[in-house]
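Worksheet for the structure shown next.
The values are calculated or read from the model by the stated rules, or taken from the named source; none is laboratory data. Worth saying up front: this structure is predicted, and the values here are computed from it rather than measured. Each accessible area value is taken on the protein alone, full model and side chains, heavy atoms only, with ligands, DNA and RNA left out. Shrake-Rupley method; radii C 1.70, N 1.55, O 1.52, S 1.80 Å.
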Amino acid sequence: SSGKTMRDLSALPNLNVALIQTTLAWHDRQANLEHFEQLLEQARGADLIILPEMFTTGFSMESETLAESENGPTSKWLRIQATKLDAVITGSIIVQTADGSHRNRLLWARPDGEVWHYDKRHLFRMAGEHNHYTPGERQVQFELKGWRVRPLICYDLRFPVWSRDAHDTDLLLYTANWPGARRQHWNRLLPARAIENLCYVAAVNRIGTDGKGFAYTGDSQVLDFQGETLLSAGEADGVFQVVLNAADLQAYRTRFPANLDADTFEFT
């Protein structure tokens, strides 16, 4: 489409991203927060630290008993950790909003004490998530050191229109509890999202078995704008770091500006 221009990314600093792939204690917030607190120390030096989906509980439909208020204990904990590590820390939890609705909400805790959020749009009906949670209404984009980062949650990955970048995103971020039974879909869709959006993709999944007996095989990963693997955690437990280079992204978009021919559309 005519009239589209490209930002100049050449002045942006590189971005150090840490993925934390680990097991989750079922329905035990305190145990999970203590576990992540230890792992976060290993991520010191990162600009952005990504935790799994529903990292305080596991992927649970017991929203009414497990939900926290919007400024509940995990939000406060994230604020403290982000300040301590001088990094953005992000992952999703179960939240009850002021209107009483339950959300699968990604929290984006900044070192300055601010906490932003994104609510999962696509609710996983095969687990009944749509019966226990209210879907998010909007895409969001956060800025970090000049980088434009857009967070999405698990099942959102299957929906290319919602994942589609209309906002000149530099990094698409997926936080997930994606079962091992469908790991092939995860490993094929993530590179597609990177390629079609001409951006980096960082995706964090859990490992271990949840309280319902579902096994998770991890495959947390970071991909470049051509869908090439920069980091792959496999099924390992731990903290994995990678540095994203803005100049490389700039060079590729200049050489192959397919985004200038992207379709324009609006959500209704």
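Could you check what % of the DSSP bridge pairs in the range 15-105 are antiparallel, to the nearest 5? Close to 35 percent.
For the range 118-166, the carbon plus sulfur part of the accessible surface works out to 48%, probe radius 1.4 Å. Rounded to the nearest 10 square angstrom, residue 155 shows an accessible area of 30 square angstrom against a 1.4 Å probe. Given the choices [x] 0.95; [y] 1.00; [z] 1.27, Cα Rg over 2.2 N^0.38 Å derived from the coordinates of this structure is entry [x]. In the range 179-218 the Cα-Cα distances spread across 10 Å bins starting at 0 as 28, 44, 22, 6 percent of all pairs.
In the full protein context, the range 183-268 carries 48 Å² of accessible surface per residue, based on a 1.4 Å probe and ignoring ligands, DNA and RNA.
Ellipticity at 222 nm from helices only: DSSP H runs of n ≥ 4 in the chain, each -39500 (n - 2.57), divided by the residue count, give -7000 deg cm²/dmol. For the chain, the longest principal axis of the C-alpha atoms and the axis of helix 29-42 are separated by about 40°.
The antiparallel fraction among DSSP beta bridges confined to the chain stands at about 65%.
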